[in-house]
1. Does T91 satisfy the condition of being surrounded by fewer than 14 Cβ atoms within 10 Å (Cβ to Cβ) and either of a type outside the set (F, W, Y) or under 15 Å from D7 (Cβ atoms) (or both)?
2. Hey, does the stretch 57-79 have a residue that's basic (K, R) and more than 10 Å from the chain's Cα centre (by Cα)?
3. Being surrounded by 13 or more Cβ atoms within 10 Å (Cβ to Cβ) and either under 17 Å from E73 (Cβ atoms) or touching a residue at least 24 places away in the same chain (Cβ under 8 Å) (or both) is the filter here, so list the residues in the stretch 31-40 that pass it.
4. Would a scan of the stretch 41-48 turn up a residue that is in a loop (DSSP other than H, G, I, E, B) and free of Cβ contacts under 8 Å to residues at least 12 places away in the same chain?
5. If you take the residues in the stretch 19-47 that are of a type in the set (D, E, K, R) and modelled with pLDDT under 95, which one is nearest to D67 (Cα to Cα)?
6. Return the total of residues in the stretch 23-40 being part of a helix (DSSP H, G or I) and among the small types (G, A, S).
7. Just name the residue that is surrounded by the fewest Cβ atoms within 10 Å (Cβ to Cβ) out of those in the stretch 63-88 that are assigned to a helix (DSSP H, G or I) and among the acidic types (D, E).
8. Which of the numbered conditions does E16 fail, given that it passes all the others? Conditions: (1) of a type in the set (D, E); (2) modelled with pLDDT under 90; (3) assigned to a strand (DSSP E or B).
Amino acid sequence: MDLRVIDNDEEELVIEIGGEDHTFLNVLKGALLETEGVAAATYDMNPEQSGGQTEPILTVKTEDGTDPLDALEAAAGTVKDETSAFREAFTAVA
């Protein structure tokens with residue numbers, strides 16, 4: 001996974017996430033939307049209409065003084081915890 005910050009300010013983070021698709025980005029977006037201080041989380045994967053964009057672009061908008069990088073870190077931690085819990089549950093029944 002390659003990350004490239006396109007824009008980063010006090011209330012908005014825009015990053016390109018290379019090598020990923022809808023599967024990962026939907027999960028990450030869902031975790032972001034459940035993260036305190038996140039006002040909006042979206043991604044764009046339409047290279048044909050985006051001026052030659054070839055990798056997905058994730059946008060995180062925050063409110064109430066929440067740093068968007070901190071929100072992204074918290075959401076990534078949530079995804080990691082949930083996938084670990086799923087793996088453990090799956091292993092227990094397999």
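The values are calculated or read from the model by the stated rules, or taken from the named source; none is laboratory data. Predicted model, so just to flag it, every value in this text is computed and none were measured. Positions of Cβ are backbone-derived with ideal geometry, glycine not excepted, and every protein chain shown enters the neighbour counts.
1. On the way: surrounded by fewer than 14 Cβ atoms within 10 Å (Cβ to Cβ): yes; either of a type outside the set (F, W, Y) or under 15 Å from D7 (Cβ atoms) (or both): yes.
Yes: the conditions hold for T91.
2. As a first pass, look at the stretch 57-79 and keep what is basic (K, R): 61.
Next, only the ones that are more than 10 Å from the chain's Cα centre (by Cα) stay: 61.
There is at least one residue in the stretch 57-79 that is basic (K, R) and more than 10 Å from the chain's Cα centre (by Cα).
3. The initial filter retains those residues of the stretch 31-40 that are surrounded by 13 or more Cβ atoms within 10 Å (Cβ to Cβ), namely 31-33, 35, 37-40.
The answer is A31, L32, L33, T35, G37, V38, A39.
4. As a first pass, look at the stretch 41-48 and keep what is in a loop (DSSP other than H, G, I, E, B): 45-46.
Adding the requirement that they be free of Cβ contacts under 8 Å to residues at least 12 places away in the same chain leaves 46.
Taking every residue of the stretch 41-48 in turn, at least one turns out to be in a loop (DSSP other than H, G, I, E, B) and free of Cβ contacts under 8 Å to residues at least 12 places away in the same chain.
5. Let us first name the residues in the stretch 19-47 that are of a type in the set (D, E, K, R), namely 20-21, 29, 34, 36, 44.
Narrowing further to those that are modelled with pLDDT under 95: 20-21, 44.
Details: E20: 24, D21: 25, D44: 21 Å.
Among them, the one singled out is D44.
6. At the first step, the residues of the stretch 23-40 found to be part of a helix (DSSP H, G or I) are 23-33.
The next check asks that each one be among the small types (G, A, S); those that pass are 30-31.
Selection size over the stretch 23-40: 2.
7. Applying the first criterion (assigned to a helix (DSSP H, G or I)) to the stretch 63-88 yields 68-88.
Subsequent filtering for residues that are among the acidic types (D, E) retains 70, 73, 81-82, 88.
On the way: D70: 13, E73: 12, D81: 11, E82: 13, E88: 9.
My answer is E88.
8. Exception for E16: condition (2).
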